[in-house]
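Nothing in this text is a laboratory measurement; each read-out follows from the coordinates by a stated rule. Predicted model, so just to flag it, every value in this text is computed and none were measured. Heads up, the Cβs are rebuilt from the backbone with ideal geometry, glycines too, and the neighbour counts pull from every protein chain shown.
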Amino acid sequence: MIERQRVTLTVNGTEHTVEVEPRRTLVDVLRHDLGYTGTHVGCEQGVCGSCTVLLDGEPVRSCLVFGVQADAADVRTVEGLGDQEHLSPLQEIFSSSHALQCGFCTPGFLMLATAFLRDHPSPSDEEIREAMASNLCRCTGYQNILRAVRLAADAVADPSTEP
Amino acid sequence: MTRTGRTLRVEDPRLLAGRGRFVDDVDLPDQLWLRVVRSQVAHAILREVDTSAARASEGVHSVVTGADLPEVGPIPVRVQVADQPLDAYLQPVLARERVRYVGEPVAVVLADDPYAAEDAAELVVLEVEELPAVLDLREADRAAELEMGYGDVDTAFANAAHVIHAEFTVGRHSGVPLETRGLLAAPRGGRLEIWGTTKVPHFNRRVLASMLEIPVEQIRLHAADAGGGFGVRGEFYPEDFLVPWLAARTGRPVKWIEDRSEHLVAANHSRHQIHAISAAFDRDHRLLAIADEVWHDSGAYIRTHGVLVADLTLSMLPGPYRVPAYRGTAHVVLTPRTPCGTYRGPGRYEGTFARERLLDLAAHDLGLDPLDLRRLNLLSPDELPLHRGLSAIGTAMTIDAGDVGGLLDRTIAESGFETWREGSARLRAQGRMVGTGAAIFMEKSGLGPLEHAGVELLPSGVVRVTAGATSLGQGVETVLATVAAERLGLEADDVTVVLGDTDLVPEGVGSWASRSTVLAGNAVAAAADRVAEFARDAAADVLEVDAADLRLSGGGFAAAGSRERVVSLAELAGRTGGFSAREIFEVDTMTYPYGIHLAHVEVDPDSGGVRILGYFIGYEVGRAIVPALVEGQLVGGAAQGIAGALLEEFRYTDDGQPLSTTLADYLLPTAGEVPPIGVLISEDWPAASNALGVRGAGEGGATGCGAAIAAAVDDALGRPGSVRALPIPLHEARRSGDGSGR
């Protein structure tokens with residue numbers, strides 16, 4: 001008999017309680033138990049970063065975290081970046097910079113960049129490149145992703161500059 | 001969602017907000033999860049498949065082997081390019097007597113949840129008697145022999161002042177999209193509904209209907225977002241039969257999501273070829289002939305592309321050069337590895353590598369600058385159109401128009417290539433290993449025979465475009481919306497695009513071979529023009545003016561010289577019940593874009609690692625509908641092409657065990673490896689074969705990378721022509737003359 005454990009977690013401000021197998025990954029809990037399908041699964045091996053979410057504020061690969069480890073945790077996913085009406089500034093800059101094509105890796109990059117820009121409000125280009133090298137994108141060749149993060153950082157540093 | 005600001009692409013808002021609809025985003029009540037049991041050996045007789053433990057495993061619904069299959073043939077070839085009998089080499093949907101590669105489907109498990117399915121799959125025991133695995137392309141069995149050419153090649157070589165010969169190898173690469181494959185099939189209301197098909201949905205629906213022996217109308221394909229295509233996604237694979245068949249058989253929704261390790265052994269590989277290539281020159285260094293003998297690895301079976309990649313390799317090999325006589329032969333061989341298909345620039349990436357490497361070697365032997373040798377032999381504008389006496393994908397090759405030499409000059413000027421060269425020479429004099437390289441190539445795009453599209457101005461005022469093209473992430477929705485909007489005086493955001501849903505798009509061909517902007521784009525343009533004419537006539541009635549005196553802009557018609565006499569398209573649609581037009585764009589020739597890749601690299605003498613200091617692409621596209629998307633295609637393609645030159649390869653042991661089964665082994669490039677890539681998009685030579693003048697732009701970003709990087713590494717090492725294989729082995733640099741890396 002498969003045992004299940006009760007887990008209570010907050011996703012984008014909403015509290016959820018689910019009963020999950022101890023081996024069930026956080027990304028499966030988010031996607032298939034709670035319906036947050038914006039977080040994607042690219043490799044289940046912790047390499048590609050498509051499943052990046054913020055767990056208590058820190059970017060993690062949710063394919064390498066068990067759902068039970070997220071008990072009592074605060075999770076942020078791509079669905080929490082904007083609101084029903086608006087994209088967030090970072091999301092808008094990703095579009096205007098053509099930093100996405102198929103969009104599969106994009107939620108992971110958005111979450112990675114959100115935490116990175118919070119911790120590095122004035123990053124150098126090299127810091128941006130190094131941080132964004134954590135995740136894989138197969139469509140864009142990365143240059144527009146790096147440019148988008150640069151523009152987002154500049155917009156925060158000087159809100160008067162329109163990206 | 002409503003959108004506050006305009007986004008660059010119509011696809012962007014949903015994808016950025018996490019509201020895309022990829023196949024794994026769809027879950028249905030009562031669905032079963034399917035897991036494929038795959039061969040763990042490369043070549044063996046399959047004695048028995050013991051499923052007893054798997055069947056007893058918790059949560060398992062059923063286990064199916066080849067013995068349970070209905071009478072069903074192998075997966076047919078989609079692209080028949082040569083009159084070659086291939087039936088004996090086609091892949092069955094489940095192996096029965098013989099397994100031929102690691103990863104071949106042997107059985108499937110259905111269970112209530114994916115974890116239970118995976119657990120049970122590991123309990124299926126395959127009893128096998130292993131057979132020898134012949135991996136060497138020259139020793140392997142041959143499935144087909146291709147030959148094409150023109151002119152008197154033998155006489156040209158006999159009379160040549162200079163003959164140059166070399167052999168080159170390209171390793172196994174593939175598209176490896178970030179989203180793996182997946183499929184969900186559900187019996188509903190007497191029909192089979194399917195999510196997850198893309199690329200060529202209408203073709204795949206016909207194949208499936210035929211295999212299931214049901215009418216095509218009983219299968220409905222739903223549109224879904226796709227996480228990258230690159231040639232590999234959307235072909236008909238064994239799972240494309242197994243999932244719908246088992247949904248029909250069980251009466252329940254069946255879902256299969258490929259995991260990454262499966263993808264790397266199950267989805268098409270590509271590129272693996274050996275070229276033995278020769279060129280003959282006269283005493284003025286003009287090409288007299290090229291002869292190329294190719295060993296093309298098809299893997300364990302012939303899949304849906306048939307012998308397409310080998311055919312394209314041969315037909316595109318002479319490229320943008322004046323080649324008076326040419327002979328290409330290809331041996332399509334079978335090896336106990338994952339079967340092969342296309343990958344962005346199929347045949348051109350490989351052939352460009354072989355031809356451009358040979359020209360670099362020739363330039364060195366003849367004591368010429370590599371660019372000067374090329375300039376001497378490039379086709380000039382006044383030699384076009386050129387009927388080359390070859391056929392590509394069954395179409396007669398006519399290189400329509402262009403100025404390759406002119407693009408070369410502009411690309412060199414814009415890139416700063418001469419500065420790279422001077423800098424390299426200076427740094428080499430200081431002992432650093434820095435070099436530059438160039439590759440020139442011809443692409444092909446806009447494959448016919450036809451594509452369907454419709455444009456509707458609905459009574460609500462909504463403009464809806466439907467087309468047989470499919471979205472693989474390339475931005476085709478934005479391109480088609482832009483084409484329709486231009487013709488209707490609207491913005492792209494005002495247009496809704498529907499692709500890939502067989503109830504809304506009854507006929508279509510699909511998205512591959514850089515064809516969508518050319519084929520679907522022109523079909524949409526024609527349909528939108530007709531809708532605009534219907535609306536113009538209606539506006540003339542409403543405004544009581546002559547139709548010729550109406551101007552269409554800003555979403556409505558205005559009478560010339562009158563600000564008051566205006567009527568919007570939405571109002572016209574409301575008054576009349578709307579307008580619609582369907583068009584089929586037909587074309588029997590391809591268009592031939594061409595381009596230049598320039599590379600500037602430094603080799604680390606200790607590690608052999610190659611760092612790219614500069615990269616630049618010049619590409620003739622005829623016309624760029626949305627330039628940012630063309631640039632995105634070129635830069636993204638270059639990242640893949642560069643990685644194929646330096647990082648990516650599916651490696652195997654001598655007994656056929658795959659070594660590249662995770663993304664930690666098959667090395668996709670990261671932001672740390674892909675350099676800034678400069679792009680010159682040329683719109684000087686619109687294609688004459690279509691009204692938009694477009695030449696497809698999906699593949700040229702990748703095509704020249706192997707050749708350009710190899711040339712630059714050669715130059716850095718000071719050993720012209722020494723790079724003979726892709727990906728470039730690290731030991732090439734470590735064998736360098738100064739010995740510092742030893």
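Here are the numbers for this structure:
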{"read-out": "Relative packing of B:404-415, B:441-452, which averages over residues the other C-beta atoms within 10 Å, highest first", "value": "B:441-452, B:404-415"}
{"read-out": "Highest average packing first - B:644-656, B:513-525, Cβ atoms within 10 Å", "value": "B:513-525, B:644-656"}
{"read-out": "Calculated diffusion of the range A:89-157, Stokes-Einstein form, Kirkwood radius summed over Cα pairs, 20 °C and 1.002 mPa s, µm²/s", "value": "184"}
{"read-out": "Cα pair distances of the range B:264-328 binned at 10 Å [whole percent]", "value": "18, 42, 24, 12, 3, 0"}
{"read-out": "Pairwise label distance in nanometres, A:Asp56 with B:Asp50, each label 7 Å out on the Cα-Cβ vector", "value": "4.7"}
{"read-out": "Prolate/oblate/rounded label for the range A:39-97 (Cα gyration tensor, a/c 1.5)", "value": "oblate"}
{"read-out": "Cα-based radius of gyration of the range A:11-163 once divided by 2.2 N^0.38 Å, which approximates compact folds", "value": "1.03"}
{"read-out": "Spatial separation of Cα centroids for the range A:80-103 and the range B:262-296, in angstrom", "value": "43"}
{"read-out": "Length-normalised contact order of the range B:611-691 in % [C-alpha pairs under 8 Å, at least 6 apart]", "value": "55"}
{"read-out": "Label point at B:Glu127 placed 7 Å out along Cα→Cβ; residues across the range B:72-116 whose backbone nitrogen lies under 14 Å", "value": "none"}
{"read-out": "Ranked B:Met148, B:Met316, criterion: other C-beta atoms within 10 Å, fewest first", "value": "B:Met148, B:Met316"}
{"read-out": "Sites B:Arg651 and A:Val156, calculated FRET efficiency, Cβ-Cβ separation with R0 35 Å, nearest 0.05", "value": "0.20"}
{"read-out": "Computed label-point distance, nm, for sites A:Thr14 and B:Arg188 using a 7 Å Cα→Cβ extension", "value": "2.2"}
{"read-out": "Sum of side-chain charges, B:Glu451 neighbourhood, beta-carbon under 12 Å (Lys, Arg +1; Asp, Glu -1)", "value": "-1"}
{"read-out": "Over 25 Å [Cα-Cα, the range B:450-586], rounded percent", "value": "26"}
{"read-out": "Share of Cα-Cα pairs in chain B lying beyond 41 Å, as whole percent", "value": "34"}
{"read-out": "Sequence of B:Leu126, B:Leu358 once ranked by neighbouring C-beta atoms within 10 Å, starting from the fewest", "value": "B:Leu126, B:Leu358"}
{"read-out": "Stretch gain in nm, segment B:Thr662-B:Asp136, where the contour uses 0.36 nm per residue and the Cα spacing is subtracted", "value": "187.0 nm"}
{"read-out": "Net lengthening on full extension, B:Ala691/B:Arg551 (0.36 nm per residue, minus Cα-Cα)", "value": "48.3 nm"}
{"read-out": "Net charge contributed by nearby residues that have their C-beta within less than 15 Å of B:Gly423 (K/R +1, D/E -1)", "value": "+1"}
{"read-out": "Principal axes of the range B:178-241: Cα extent on each, largest first, Å", "value": "34, 19, 17"}
{"read-out": "Proportion of all alpha-carbon pairs of the range B:219-281 beyond 17 Å (%)", "value": "59"}
{"read-out": "Test item: B:220-229 mean partner chain Cβ contacts at 10 Å", "value": "3"}
{"read-out": "Over the protein assembly as shown: Kirkwood hydrodynamic radius from C-alpha pairwise inverse distances, Å", "value": "28.6"}
{"read-out": "Number of partner chain Cβ atoms within 10 Å, mean per residue of B:175-183", "value": "5"}
